[in-house]
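Let me begin by presenting the structure, written as structure tokens, before commenting on it.
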Amino acid sequence: MKKYIVCFAFIMSVLGWGAVASSCSDPANDSSRQVSASEVALIPQPQSVVYNGGGAIVPTAVSVSDQLTGTPYTLLESTVASWGGELTSQPNEQAFIQLTTDASLPDEGYKIRTTLDGITLEYASSRGLLWGIQTLRQILLQGTAYEGGGRVIPLLTVSDKPEKDWRGFHIDVARHAFTVSYLKKVIDMLSFYKINKLQMHLTDDQGWRMEIKRYPELTAIGAWREFDEYDKRCQELAQTDASYVIDTRFIRNSSEYGGYYTQEELSQLVSYASERGIEIIPEIDMPGHFSAAIRAYPNLSCTGEAGWGTEFSYPICAGKSETYEFLKNILDEVLAVFPSEYIHIGADEVEKDNWKSCPQCQQMIRDKGLMNVEELQNYFVEQMSDYVKSKGRKVMAWDDAFYKNNPLDLLYTYWRDWESQQPADITQSGHSLVFMEWGRFYLSGTSSDESLKSLYEFTFEPQFPGIVQSQVRGFQACVWTEMIPNERKFGQHVFPACQAFSEVAWGSERDWNRFTKSLPWHLQWLTRNGLHYRTPGFIK
């Protein structure tokens with residue numbers, strides 16, 4: 001490692017170079033170097049960034065501690081290679097980038113210090129190390145080329161940690177799906193911005209996207225649909241706007257949409273995400289939003305067919321014992337593929353009219369001493385939740401599943417912003433929630449500068465009073481894909497909203513002016529990594 005010793009410090013004051021570090025090379029030669037560096041655009045903004053004045057030179061052949069292995073090493077290696085450099089491993093004490101474990105740091109916390117002699121990264125856990133590497137990548141990627149080779153980065157000290165442990169992203173692959181290779185790109189992006197949960201909405205009325213080996217008809221029949229109203233609307237819009245063209249890889253016979261992920265594909269995706277600090281949480285939505293499965297297995301419903309009620313689709317029959325066994329068998333296969341701590345079972349928007357007229361549902365109500373179909377839904381959720389818990393896992397459900405008279409021990413995902421008292425009711429009852437309300441955290445609506453700023457400046461008050469903050473696990477952004485039929489349209493909805501969301505979720509001290517000035521570099525990064533986005537009007 002080539003080291004430099006500082007000399008002629010007075011030059012800075014004499015010449016007035018506020019962001020210049022003047023240094024001499026090895027005493028063996030007389031050449032001196034003057035290096036300037038500007039601030040870097042970090043997203044999410046760390047808790048503390050102190051610029052120490054001047055810049056440091058990162059050599060073209062840069063060494064890193066041999067303690068860095070696996071995916072963090074690969075990520076850093078690709079970063080250095082992007083400017084034509086080479087990363088090599090060296091014993092920690094000899095490396096330009098050195099690692100130090102510090103048990104006093106928070107689990108996901110880290111510290112970075114760049115000096116004339118090298119870079120140090122301190123961390124307490126593998127998660128803190130990964131997030132530190134992701135921040136270091138942003139610093140290195142924004143470095144400027146140095147005339148003698150290598151890159152120039154600012155002298156700085158970063159101290160950082162998240163406020164909440166849940167920083168999630170929800171993607172609906174039931175309405176419109178995406179290839180595994182594209183999902184990996186999305187995972188790379190999420191990790192880059194320190195988002196650590198990915199909820200995959202794998203089933204809905206419009207399609208069943210996960211292979212279940214015991215019930216092959218779920219994918220043979222349930223994974224496909226005749227073009228629905230949203231497909232047809234996308235086709236209409238595509239006549240004048242190519243961003244609405246339906247991805248042809250998911251079309252067959254010109255008028256059917258579908259496809260599914262094999263268990264092997266999903267297992268590989270789980271491993272890929274885990275290596276990048278992301279836990280994939282599967283969602284099998286039940287007892288409503290189950291039409292795709294009912295089309296394959298009609299006896300699952302009360303009527304023996306799929307259909308539509310007053311507002312939502314026919315649910316599965318909560319009065320048949322065989323229904324519960326069917327779902328438990330499905331969950332067994334889901335649990336085998338996804339090792340996540342949590343499994344999401346949906347429980348939202350359940351159309352209960354069939355249950356009111358179903359003899360078996362009414363008999364179940366009497367047998368279990370229940371009062372009505374609302375309590376029948378609560379009983380159903382409790383049965384499925386207890387089964388998942390018996391397998392050593394925990395259960396999530398939408399806030400529709402919160403029954404105030406007998407609340408279940410679930411992690412609730414709150415979305416119904418018109419039920420503004422719900423977060424207070426859930427948290428005051430001692431239960432936890434992940435906050436992802438419709439108004440700002442849903443990225444499926446029309447993207448605009450106004451919606452971007454509204455998300456970025458989100459606060460609980462005054463719309464959501466009375467929340468017990470300690471019971472809020474964190475935040476989640478959500479994408480529904482009825483009108484998002486391809487990768488280009490997905491990017492236009494998600495970016496740069498996801499960058500704004502990352503600062504809300506991480507707990508950064510938010511500054512809209514700083515954020516908007518930081519965005520241009522990050523939009524360029526998206527382009528380099530094959531991701532589309534909407535260009536905000538304030539970016540010239």
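The values are calculated or read from the model by the stated rules, or taken from the named source; none is laboratory data. Nothing here was measured: the structure is a model prediction, and the numbers come from that model. As a convention, Cβ positions derive from the backbone with ideal geometry for all residues, glycine included, and neighbour counts pool all protein chains shown. Please note that ligands, DNA and RNA were not included when accessible areas were found on the heavy atoms of the full protein model with its side chains. Shrake-Rupley method; radii C 1.70, N 1.55, O 1.52, S 1.80 Å.
A few points about this structure:
- Met364 under 19 Å from Ile284 (Cβ atoms) and part of a helix (DSSP H, G or I): no
- Cβ-Cβ contacts under 9 Å between residues 6 or more apart (or on different chains), taken from a first residue in the range 228-250 that is farther than 16 Å from Thr446 by Cα to a second residue that is in a helix (DSSP H, G or I) and open to solvent by 100 Å² or more (accessible area, probe 1.4 Å), are listed as Ala242/Arg488; Val245/Arg488.
- Considering the range 397-515, the qualifying helices (runs of 4 or more DSSP H), each wholly inside and each with 1 or more residues that are open to solvent by 30 Å² or more (accessible area, probe 1.4 Å), run over 422-428, 438-441, 449-456, 487-494.
- Residue among Leu136, Leu121, Leu129, Leu140 that alone is among the hydrophobic types (A, V, I, L, M, F, W, C) and assigned to a strand (DSSP E or B): Leu121
- Across the range 220-248, the qualifying residues are those that are open to solvent by less than 10 Å² (accessible area, probe 1.4 Å) and not in a loop (DSSP other than H, G, I, E, B), and the one among them that is farthest from Asp332 (Cα to Cα) is Ser243.
- Check on Gly346, without any contact (Cβ under 8 Å) to a residue 40 or more places away in the chain, under 26 Å from the mean Cα position of the chain (by Cα) and either within 23 Å of Glu283 (Cα to Cα) or surrounded by fewer than 18 Cβ atoms within 10 Å (Cβ to Cβ) (or both): no
- Lys328 being touching a strand residue (DSSP E or B) at 6+ places or on another chain (Cβ under 8 Å), part of a helix (DSSP H, G or I), closer than 30 Å to Glu279 by Cβ and open to solvent by 40 Å² or more (accessible area, probe 1.4 Å): no
- Criterion applied to Tyr215, Tyr257 was being of a type outside the set (S, T, N, Q), at pLDDT 95 or above, in a strand (DSSP E or B) and open to solvent by less than 70 Å² (accessible area, probe 1.4 Å), and the one residue passing it is Tyr257.
- When the criteria are applied in full, Ser125 fails the requirement of being among the polar types (S, T, N, Q) and in contact with a Lys or Arg (Cβ under 7 Å, 6 or more places away or on another chain).
- Residues that are in contact with a Phe, Trp or Tyr (Cβ under 6 Å, 6 or more places away or on another chain), outside any loop (DSSP other than H, G, I, E, B) and more than 30 Å from Ile139 (Cα to Cα), drawn from the range 169-209: Asp172
- In the range 33-45, the residue that is farthest from the chain's Cα centre (by Cα) out of those that are under 21 Å from Trp525 (Cβ atoms) and surrounded by fewer than 23 Cβ atoms within 10 Å (Cβ to Cβ) is Ser38.
- Answer residue from the range 59-76, given it is buried (at least 18 other Cβ atoms within 10 Å of the Cβ) and closer than 23 Å to Tyr193 by Cβ and is farthest from the chain's Cα centre (by Cα) among those: Val64
- Residues of the range 529-540 that are in contact (Cβ under 8 Å) with a residue 24 or more places away in the chain and open to solvent by 40 Å² or more (accessible area, probe 1.4 Å): Asn529, His532, Tyr533, Arg534, Gly537, Phe538.
- The residue pairs whose first member lies in the range 302-321 and is farther than 18 Å from Ala347 by Cβ, whose second member is open to solvent by 20 Å² or more (accessible area, probe 1.4 Å) and hydroxyl-bearing (Ser, Thr, Tyr), and whose beta carbons are closer than 9 Å, counting only pairs six or more residues apart or on different chains, are Thr303/Tyr314; Glu305/Tyr314; Ala306/Tyr314; Gly307/Tyr314; Trp308/Tyr314.
- The range 78-115, subset polar (S, T, N, Q) and farther than 25 Å from Ala145 by Cα, residue least open to solvent (accessible area, probe 1.4 Å): Asn92
- Here Val173 fulfils each of the conditions (1) aliphatic (A, V, I, L, M); (2) touching a Leu at 6+ places or on another chain (Cβ under 7 Å); (3) closer than 17 Å to Thr115 by Cα apart from (3).
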